[in-house]
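Contents: one structure, followed by commentary.
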Amino acid sequence: MHSSYIRYPIIAKPKPAELDFSCWNSPTTKFCSFSTSLLRRIMDYKEQIYALKQLQKKQLGEASSSGSSKIMVQINVLSNCLRSQQKDIVQSIDELKNLCDIHDKDQVCQVNNMNRNFKNAIRDLMVANSDYQHSIRDNSVKQYMCLNPKVSEAEALDFVETLNGQHVSVITMKGPKSKAVQTYEGVSARYKELKELEKSAAELNHLVDSLHNITVTQDTQFQVINENLNRSSLDLERGDANVLSSISRSRKSKLMGSWLFVIVVFIALLMIGSVVGGLVKWCIL
């Protein structure tokens, strides 16, 4: 005996649908992805500026020279990190500008907003460095005047700002030699900080100028687009006006034609009536 069993048809497993990744390489997708990455880096840059501000405050309030020196090392490391970030972000904004479709208003606005956002961060850093620079100068002047009570504030400021590797002597800085040397070393270190901050300010000013040029280029291109759109819109409005005028003239012509037809029919009926009336009258006679 043969055992009976049901044969089920073998159904081939469907092949998994192939994903289309071509859209991932579209210009719009590239722009959005690059824009998101750039925004993240700008936010990180702002956080680094905040950290630098905190270190600057801490350094100004530090009493010991060793503690102050340690904080200065951290400030220098963070300042160099910010310089590196600045170059990277400026290049990225320029790249984003090249990816931008100048016919897309949203993309143009996004480039300019990103540019403006970064410029505001740079200005924040410039203000922080400027305040820090003034505080360093004031502290150095006070430190020098404490050791030399007879000097004027202008003389002390001149010493701080023109200090350039000169050697300390008991004649120049009266008081115990050890304290004079310590004061000189402190002022000398801060002089270097002042020069570094001046260099940083010049770099940041140059950055702002380069960013301004990127923004102006985008705005000019977009302005041309707007002018072209406005001109096209005006031409369309003129075209619409001409079309409306033609329709109006056509309607008037049709109306006049209708009235003329009615008048002609009316005159024809009058003439037919006259002829018929004449014939009837002649027949009766």
(message) Please determine whether any residue of the stretch 112-125 is over 20 Å from the mean Cα position of the chain (by Cα), farther than 24 Å from SER26 by Cα, surrounded by 13 or more Cβ atoms within 10 Å (Cβ to Cβ) and among the hydrophobic types (A, V, I, L, M, F, W, C).
(response) no
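Here's the yes/no breakdown for (1) assigned by TED's automatic domain parsing to the domain that holds ALA202; (2) in a helix (DSSP H, G or I); (3) closer than 19 Å to SER210 by Cβ:
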position	(1), (2), (3)
ALA63	yes, no, no
GLY67	yes, yes, no
GLU95	yes, yes, yes
GLN107	yes, yes, no
LYS119	yes, yes, yes
ASP124	yes, yes, yes
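The values are calculated or read from the model by the stated rules, or taken from the named source; none is laboratory data. It should be emphasised that the depicted structure is a prediction, and the values quoted were computed from it without experimental measurement. Glycine also receives a Cβ, built like all others from the backbone with ideal geometry; neighbour counts cover every protein chain displayed.
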